Amino acid sequence: MKRWFAVIGDPIAHSKSPAMHNGWFDELNIDATYIPIHVKSEQLEHAIASLKTLGASGWNVTIPHKQAIIPFLDELDEMAEKMGAVNTVVRTADGKLKGYNTDGSGFVHSLEEAVGDGQKEKPVLLIGAGGAARGIAFALQYYGYRNLAITNRTVAKAEEIIHELGEGQALSLADAEQRLDEFGIIIQCTSAGLANGEFSLPLSLEKLQQGTIVADIVYNPLMTPFLLEAQKKDAIVVTGLGMFVHQGAIAFNHWLGQYPNTEHTTKKLIDELQ
Ligand code: ATR
């Protein structure tokens with residue numbers, strides 16, 4: 001029987017996940033399909049019951065359901081539990097629903113694909129303390145990046161994540177700007193600059209050192225204002241596209257036990273986004 005998968009969210013029409021996963025099914029000759037389903041918050045419980053009844057093998061979860069879905073699941077993977085958010089649901093052999101979070105690991109895979117995995121001793125600065133930053137912070141810790149600082153407009157939120165991690169430091173944006181030259185890896189995880197298409201950086205990159213690894217989690221546009229500014233200062237830039245592709249690839253692997261070809265997918269998406 002043909003297996004089927006989905007992504008649920010609101011909005012969902014512009015999701016690039018269906019094309020990506022269906023492309024992998026084709027490449028790997030897997031008889032399955034992946035569809036987008038528009039689910040509003042008030043419909044979430046019904047939608048999950050329907051996905052179960054109709055026999056979905058698994059699904060991705062996007063905004064605004066990543067936290068709200070948790071009470072409807074039977075089990076959580078360790079990382080999803082720590083993050084308090086789920087982006088991937090697996091229907092296990094005995095029909096249970098298990099939640100995973102592949103966003104943070106997707107970021108780390110993408111970073112290591114771009115610059116290798118020999119950078120774990122470098123001090124890392126995470127800018128932002130929302131859901132995305134939180135996932136990345138836990139994943140960085142899990143993969144052995146031990147020297148972590150988090151800066152955020154609202155410092156209390158950065159302090160909260162540091163407290164949960166049990167290590168690292170929280171900084172004000174002003175302090176982070178002053179101490180920018182201490183960091184070997186800087187990761188932009190805020191939504192600054194996205195609203196109304198306005199140009200704004202979460203913090204000044206004046207003190208950025210040449211050769212610093214600078215990543216953004218936003219991938220549309222591929223080169224964000226933050227990355228363009230970092231590139232002017234000869235940083236090594238890592239776009240957010242890899243995180244998107246790898247969070248999908250890790251989810252795919254949870255469902256089907258195979259890691260798809262991410263290089264090919266990334267090239268295709270770059271062509272679409274440029
Ligand atoms: P996400 O789930 O994508 O992380 P979020 O939880 O709404 O989204 O978090 C948005 C992040 O962007 C927060 O860190 C937010 O800072 P605050 O916690 O102080 O609100 C940050 N952010 C949004 N607009 C910003 C701006 N103009 N300057 C600096 N930080 C900004």
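The values are calculated or read from the model by the stated rules, or taken from the named source; none is laboratory data. Because the structure is a prediction, the values reported are computed rather than measured. All Cβ positions, glycine included, derive from the backbone under ideal geometry; neighbour counts span all protein chains shown.
Taking the criterion of being touching a residue at least 40 places away in the same chain (Cβ under 8 Å), within 16 Å of residue 260 (Cβ to Cβ) and either surrounded by fewer than 16 Cβ atoms within 10 Å (Cβ to Cβ) or not β-branched (Val, Ile, Thr) (or both), the residues of the stretch 1-31 that qualify are 3, 5, 16, 17, 20, 21, 23, 24, 27, 28. Among the criteria (1) surrounded by 20 or more Cβ atoms within 10 Å (Cβ to Cβ); (2) part of a helix (DSSP H, G or I); (3) in contact with a helix residue (DSSP H, G or I) (Cβ under 9 Å, 6 or more places away or on another chain), the one residue 264 does not fulfil is (1). Determine, yes or no, whether residue 173 is over 15 Å from residue 123 (Cβ atoms), modelled with pLDDT under 95 and in contact with a Leu (Cβ under 6 Å, 6 or more places away or on another chain). In short, no. Per this entry, residue 62 is not counted among residues that are surrounded by fewer than 24 Cβ atoms within 10 Å (Cβ to Cβ) and either farther than 27 Å from residue 215 by Cβ or of a type in the set (A, V, I, L, M, F, W, C) (or both). Scanning the stretch 32-42 for residues that are among the small types (Gly, Ala, Ser) and buried (at least 16 other Cβ atoms within 10 Å of the Cβ) returns a single hit, 32.
Within the stretch 129-141, the residues that satisfy the criterion of being more than 9 Å from the ligand (Cβ to nearest atom) and farther than 13 Å from residue 101 by Cα are 140, 141.
Among the residues of the stretch 93-120, the one identified as among the aromatic types (Phe, Trp, Tyr) and either part of a helix (DSSP H, G or I) or in contact with a Pro (Cβ under 7 Å, 6 or more places away or on another chain) (or both) is 107. Would you be able to say whether some residue in the stretch 74-83 is modelled with pLDDT of 95 or more and in contact with an Asp or Glu (Cβ under 6 Å, 6 or more places away or on another chain)? Looking through the stretch 74-83, none of the residues is modelled with pLDDT of 95 or more and in contact with an Asp or Glu (Cβ under 6 Å, 6 or more places away or on another chain). Of all residues in the stretch 139-148, those satisfying the criterion of being in contact with a helix residue (DSSP H, G or I) (Cβ under 7 Å, 6 or more places away or on another chain) and either surrounded by 22 or more Cβ atoms within 10 Å (Cβ to Cβ) or of a type outside the set (Phe, Trp, Tyr) (or both) are 139, 140, 141, 148.
This table checks each residue for (1) within 16 Å of the ligand (Cβ to nearest atom); (2) among the β-branched types (Val, Ile, Thr).
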| site | (1), (2) |
| --- | --- |
| 9 | yes, no |
| 30 | no, yes |
| 58 | no, no |
| 66 | yes, no |
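In the same structural domain as residue 44 (by TED's automatic domain parsing), in a helix (DSSP H, G or I) and within 16 Å of the ligand (Cβ to nearest atom), is that true of residue 80? Judged against the criteria, residue 80 is a match.
Would you say residue 146 is within 23 Å of residue 117 (Cβ to Cβ) and within 12 Å of the ligand (Cβ to nearest atom)? For residue 146, the condition - within 23 Å of residue 117 (Cβ to Cβ) and within 12 Å of the ligand (Cβ to nearest atom) - is not met.
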